[in-house]
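S.K.: Input: one structure, supplied below.
The values are calculated or read from the model by the stated rules, or taken from the named source; none is laboratory data. The structure displayed is predicted, hence computed values, not measured ones. Here Cβ is always computed from backbone atoms with ideal geometry, including for glycine, and neighbour counts include all displayed protein chains.
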Amino acid sequence: MEKTESQKDVLPTSEVFHPGIGSYQQVYRESVENRDDFWSKQAGILDWHKRWDKILDDSNPPFYRWFVNGKLNASYNAVDRHVLHGKRNKAAYIWIAENGDEKIVTYDGLYRRVNNFARALLDLGVKKGDKIIIYLPMILEAPVAMLAAARIGAVFSFVFAGFGAGALADRINDSKAKMIITADGAFRGGKIVELKKIVDEAVEMTSSISTIVVVKRTGIDIQMDEERDVWWHDVTKDSSVYIEPEWMDSNDPLYILYTSGTTGKPKGAVHGNGGYSVWVASTLRWAFDPKEDDRWWCAADIGWVTGHSYIVFAPLFLGLTSIMFEGAITYPAPDRMWEIIERYRVNLLYTSPTAIRTLMRFGEKYPAMHDLSSLRVLGTVGEPINPAAWKWYYEHIGHSNSPIIDTYWQTETGGFMIAPPLGLGLPPLKPGSGTFPMPGVEPVILDEKGHELPEEQKGYIAYKKPWPGMFLTLNNDPERYKKVYFEKYPGLYFCGDYAIKDKDGYYWLLGRSDEVLNVSGHRLGTIEVEDALISSKEVAESAVFGKPDSVKGEVIVAFVVLKEQYQDDGEIVQKLRKRIREDLGPIYVPEEIHIVKTLPKTRSGKIMRRVVKAVALNQLPGDISTLENSASVDEIKEAIQVFSTETGNP
Ligand code: PRX
C-alpha cells in the first residue's frame, strides 16, 4: 500500500520524553499472557468493599463480567477515600464560568455536595436501580448529580444539554427514567439556552417522569409545576449529612449513555461499576501519566463519554485537580483556551481535533499572546487528527516538547483503547497514529470475511478479547448488543471503524466504515436526521450523508423530496433546519439541504444513499446496476452545481 505523508513522519520522541517503550512492552505482554494476575494487581487502583471471586466470567459470551462478586462504590472512590487519605483540602475542580467567574471545590467540598444531593435523591423517592436522567450544562451540579446517583446505586443517563426535545424524549422513553435533573437555562456563547423549556416539551412526549429537579443557573423565568418540579437549592438545604454508600456489585449498572448507530433510535450503552472504574483510572494513568500536583483539563462536554470518563470518574478516582469550563473555546475571543491555560497553569490538556483546527484557523498569534509553558502533555480524542493539525498543536501549543496523546476509543469501550502510553514509556510518535493498544487490548485488522490482513492493509478493526471497560449490554436490548457488535465476526468485538497497522506495529484509525457521522468529534446517525426530516409534514423522502470538512471532519448534507402538495417556496429549507434544531439539537442541523424531485432508488424502492453521496461528492458511485431511476442522478449533480455557483463552495 502507498504510504501516506503522515506515515513517513516519525518524531524521535522516545529520546525527548521517556526512556523508550521497553516497559510498555513488558506490561502489555503481561496483560495478555497473564491476564488474571495482571488485573488482580491493577484493580488495586481503587478501594473495594469486597474483593472479587474471579477476574473474568466469560461463560456467557458476549456478556462478559469482570471482577465477579466484587463490591465497591464509584462515589466512595471518587471522594470519600481522598477525604480520608489526606486530600481533604485539595481542589477536585476549578470551575470556570462562561463569564470568567470561578469556583474551587475541594475534595471535601465535593464530598459534602455529593452526600447532600444523595440525601435529596433518597428523599425524593429514588432507590437503588432506579433510572434518572441528567440534562445539565457544564456546571458543578453535573458531576455532583452523577456521583450522588452512583452513591445510592441509581443508574443515571446523562443527556448532552445540546440535544433537542425529541432526542431527550427518546432517551427518557427508552430508559423509563422517573426523574430529570436539569437547569433553568444554560449560558452558551453569550446566549441563554432555555433548558427547562426543552425538558417540559420533552416530558410531554413521555410518561415515566414524576420529578424534575431544577438548578437555578441563569435566573430566567421558567414554568415550575408544583406537583412535579423542585428547585435544587430547596432540596439540598441540609449540608451536613452523610449517606452510607450503596455497595454495588461490580457488574451492577453505573450509567447508561446513548450513542448513535446505523439503524433505529440511539442505543443505550450500559456501563458497570467495577470493570469500567478500573479501566478509566488505569487508562488515564497509562496514557497521560498525570502527576499528583498536575492540573488536568479535559475540554469535552460532560454529556459525552469523554466527559463521563475523563472529567468525572478517572480524574476523581486518581485524586487529580481538574479544570471544568462552562463556556465555548472561542468566546468571547479565540484565545479563551490559551488564556485559561496561562491563568490556571494547566499541565495536561485534552481536546478534540476539531477544536484544534478551529483555533488553528485564527492563527498562531492567539496562542503566542499567552505563556503556555505549564503544558506538559497534550491529548486529542473523537476523530482522526490530520498531520497538519497535529503539527500545529505540537509546535504552537506544546512548543515541540509535549507529546501528543491521540486517544482512540468509543462510548462502548468506556476508556482509551489505542493511545500512546506515556505512563509506561513512550514510543516515537507518528503524527496521526494512536500508536499502540492499551494493556489488555488485543486489536486485529480484518477483511470483510474475517481474515486477518497483513500490515499496511486497510481493514476493519476488531478486538479479540474482552477488556474491563467494555459496556455490559444495550439497555433493554441484549439482542441488539449481540447483533451490532458480535455478529459480523463471531467471538470478536466489531467497532465499525477502518484502520491500518503499519509495519512498525502502529495503528492508524481511518474513520467509520458505516453510515455513522462524525461531526466535530460527535457521533451522529444519518438515520436520526433522516427520521427528523421525514417526520416533517412537507417531506416525503430524504437521504443524508457526511461530507468531508476541513475543520469539523464532516458536515451533514441532506437531499429531500417534498410531498406532492408542497413546493419549494424558498422558506422550506429554513423551516426544516429550525425543526431539526429543536427536535435533535443544533449539532444535527445539515450544512446543506437540497430539494430534489426524486432520489436514486433500487427496483424494490430502497433509497440508494451511497449513490446520492458519491454523485454529490463527485466520486464514482460504484455498482449502480440496481438503480431504477437514473434521471435522479442528473438532478443531484445539478443541485450541487447550482449550490456551488450560488455559495462559491466547491
Ligand atoms: O470512529 C471513531 C471515532 O469516534 C467514534 C466513537 O465515537 P463516540 O462513541 O462518540 O466516542 C467519542 C469519544 C471517544 C469511533 O468509532 N474516534 C474516536 N477517537 C478517535 C476516533 N477516530 C480516530 N482517532 C481517534 N483518536
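S.K.: Would you be able to tell me the number of residues in segment 550-562 that are surrounded by fewer than 20 Cβ atoms within 10 Å (Cβ to Cβ) and touching a residue at least 40 places away in the same chain (Cβ under 8 Å)?
M.R.: 2
S.K.: In addition: Listed residues Asp238, Asp252, Asp289, Asp301; which is of a type in the set (Asp, Glu), within 15 Å of Met146 (Cα to Cα) and touching a helix residue (DSSP H, G or I) at 6+ places or on another chain (Cβ under 9 Å)?
M.R.: Within the list Asp238, Asp252, Asp289, Asp301, the selection yields Asp301.
S.K.: Only one residue in Phe288, Phe317 is more than 21 Å from Phe163 (Cα to Cα) and within 16 Å of the ligand (Cβ to nearest atom), so which one is that?
M.R.: Matching residue, one of Phe288, Phe317: Phe288.
S.K.: Now, a different point. Any residue in segment 474-482 that is touching a Leu at 6+ places or on another chain (Cβ under 9 Å), under 17 Å from Pro61 (Cβ atoms) and free of Cβ contacts under 8 Å to residues at least 40 places away in the same chain?
M.R.: No, the conditions are met nowhere in segment 474-482.
S.K.: So, in segment 309-325, exactly how many residues are closer than 19 Å to Asp101 by Cβ and touching a Gly at 6+ places or on another chain (Cβ under 8 Å)?
M.R.: 0
S.K.: Now a separate question. Considering each residue of segment 31-47, count those that are more than 26 Å from Tyr489 (Cα to Cα) and surrounded by fewer than 19 Cβ atoms within 10 Å (Cβ to Cβ), and give that number.
M.R.: Matching residues across segment 31-47 total 6.
S.K.: For segment 291-301, name all the residues that are of a type outside the set (Gly, Ala, Ser) and within 13 Å of the ligand (Cβ to nearest atom).
M.R.: Passing the criteria: Cys298, Asp301.
S.K.: Also, quick follow-up: Read through the list (1) closer than 15 Å to Asp502 by Cβ; (2) surrounded by fewer than 24 Cβ atoms within 10 Å (Cβ to Cβ); (3) at pLDDT below 95, then give the number of the only condition that Pro443 fails.
M.R.: (3)
S.K.: Quick one: which of Asp221, Asp225, Asp170 is charged (D, E, K, R) and within 21 Å of the chain's Cα centre (by Cα)?
M.R.: Asp170 is the lone residue from the list that is charged (D, E, K, R) and within 21 Å of the chain's Cα centre (by Cα).
Matching residues to (1) on the phi > 0 side of the Ramachandran plot; (2) of a type outside the set (D, E, K, R):
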| residue | (1), (2) |
| --- | --- |
| Ala287 | no, yes |
| Asp293 | no, no |
| Tyr310 | no, yes |
| Ile340 | no, yes |
| Gly363 | yes, yes |
| His370 | no, yes |
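S.K.: Which number in (1) modelled with pLDDT under 95; (2) surrounded by fewer than 22 Cβ atoms within 10 Å (Cβ to Cβ) marks the one condition that Tyr463 misses?
M.R.: (1)
S.K.: Can you go through Ile134, Ile104 and tell me which one is surrounded by fewer than 19 Cβ atoms within 10 Å (Cβ to Cβ) and not in a loop (DSSP other than H, G, I, E, B)?
M.R.: Ile104
S.K.: If you don't mind, there's one more thing I want to ask. Could you pull out the residue among Gly185, Gly189 that is among the small types (Gly, Ala, Ser) and on the phi < 0 side of the Ramachandran plot?
M.R.: Gly185
S.K.: While we're looking at this one, here's another question. Just to verify a result, which residue in segment 530-549, among those that are more than 16 Å from the ligand (Cβ to nearest atom) and among the small types (Gly, Ala, Ser), is surrounded by the most Cβ atoms within 10 Å (Cβ to Cβ)?
M.R.: Ranking the candidates gives Ala543 first.
S.K.: Let me ask you something else. Could you tell me which of the residues Ala287, Ala328 is crowded, with 24+ Cβ neighbours inside 10 Å and touching a Gly at 6+ places or on another chain (Cβ under 8 Å)?
M.R.: Ala287
S.K.: Condition first: under 28 Å from Lys488 (Cα atoms) and not charged (D, E, K, R). Can you find one or more residues in segment 556-571 that meet it?
M.R.: yes
Quick grid of which residues meet (1) more than 14 Å from the ligand (Cβ to nearest atom); (2) in a loop (DSSP other than H, G, I, E, B):
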{"residue": "Asn476", "(1), (2)": "yes, yes"}
{"residue": "Lys482", "(1), (2)": "yes, no"}
{"residue": "Pro490", "(1), (2)": "yes, yes"}
{"residue": "Cys495", "(1), (2)": "no, no"}
{"residue": "Tyr498", "(1), (2)": "no, no"}
{"residue": "Lys503", "(1), (2)": "yes, yes"}
{"residue": "Leu510", "(1), (2)": "no, no"}
{"residue": "Asp514", "(1), (2)": "no, yes"}
{"residue": "Glu528", "(1), (2)": "no, no"}
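S.K.: In addition: Looking at (1) within 16 Å of the ligand (Cβ to nearest atom); (2) outside any strand (DSSP E or B), can you tell me which one Gln567 breaks?
M.R.: Answer for Gln567: the failing condition is (1).
S.K.: Now a separate question. Which ones in segment 198-212 are hydrophobic (A, V, I, L, M, F, W, C) and either buried (at least 17 other Cβ atoms within 10 Å of the Cβ) or within 25 Å of the chain's Cα centre (by Cα) (or both)?
M.R.: Ile198, Val199, Ala202, Val203, Ile209, Ile212 - these are the residues of segment 198-212 that are hydrophobic (A, V, I, L, M, F, W, C) and either buried (at least 17 other Cβ atoms within 10 Å of the Cβ) or within 25 Å of the chain's Cα centre (by Cα) (or both).
S.K.: Within segment 521-552, work out how many residues are at positive phi and modelled with pLDDT of 95 or more.
M.R.: Summing the residues that are at positive phi and modelled with pLDDT of 95 or more in segment 521-552 gives 0.
S.K.: Hey, another quick one. Could you say which residue among Leu121, Leu195 is crowded, with 24+ Cβ neighbours inside 10 Å, out of contact with any helix residue (DSSP H, G or I) (no Cβ under 8 Å at 6 or more places or on another chain) and at pLDDT 95 or above?
M.R.: None of the others qualify; the one that does is Leu195.
Results for (1) within 12 Å of the ligand (Cβ to nearest atom); (2) free of Cβ contacts under 8 Å to residues at least 40 places away in the same chain; (3) among the charged types (D, E, K, R); (4) farther than 22 Å from Ala269 by Cα, shown as yes or no for each residue.
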site: Gly303; (1), (2), (3), (4): yes, no, no, no
site: Thr306; (1), (2), (3), (4): yes, no, no, no
site: Phe313; (1), (2), (3), (4): no, no, no, no
site: Thr321; (1), (2), (3), (4): no, no, no, yes
site: Phe325; (1), (2), (3), (4): no, no, no, yes
site: Ala328; (1), (2), (3), (4): no, no, no, yes
site: Pro332; (1), (2), (3), (4): no, no, no, yes
site: Arg336; (1), (2), (3), (4): no, yes, yes, yes
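S.K.: What are the residues in segment 531-564 that are under 20 Å from the mean Cα position of the chain (by Cα) and outside any strand (DSSP E or B), if any?
M.R.: Scanning segment 531-564 gives Val551, Lys552.
S.K.: Basic (Lys, Arg) and closer than 30 Å to Thr351 by Cβ: which single residue out of Lys601, Lys606, Lys563, Lys552 fits that description?
M.R.: Checking each option against the conditions leaves just Lys552.
S.K.: Continuing with the same structure: Looking for whichever is among the polar types (S, T, N, Q) and either buried (at least 16 other Cβ atoms within 10 Å of the Cβ) or in contact with a Pro (Cβ under 6 Å, 6 or more places away or on another chain) (or both) here; the options are Asn89, Asn99, Asn60, Asn77. Which one fits?
M.R.: Matching residue, one of Asn89, Asn99, Asn60, Asn77: Asn77.
S.K.: I'd like the full set of residues that are surrounded by fewer than 19 Cβ atoms within 10 Å (Cβ to Cβ) and of a type in the set (A, V, I, L, M, F, W, C), limited to segment 180-192.
M.R.: Ile192
S.K.: While we're on this one: Filter segment 254-275 for residues that are away from the ligand (no atom under 16 Å from the Cβ), farther than 26 Å from Val215 by Cα, modelled with pLDDT of 95 or more and not polar (S, T, N, Q) and give the result.
M.R.: Gly272, Gly274, Gly275
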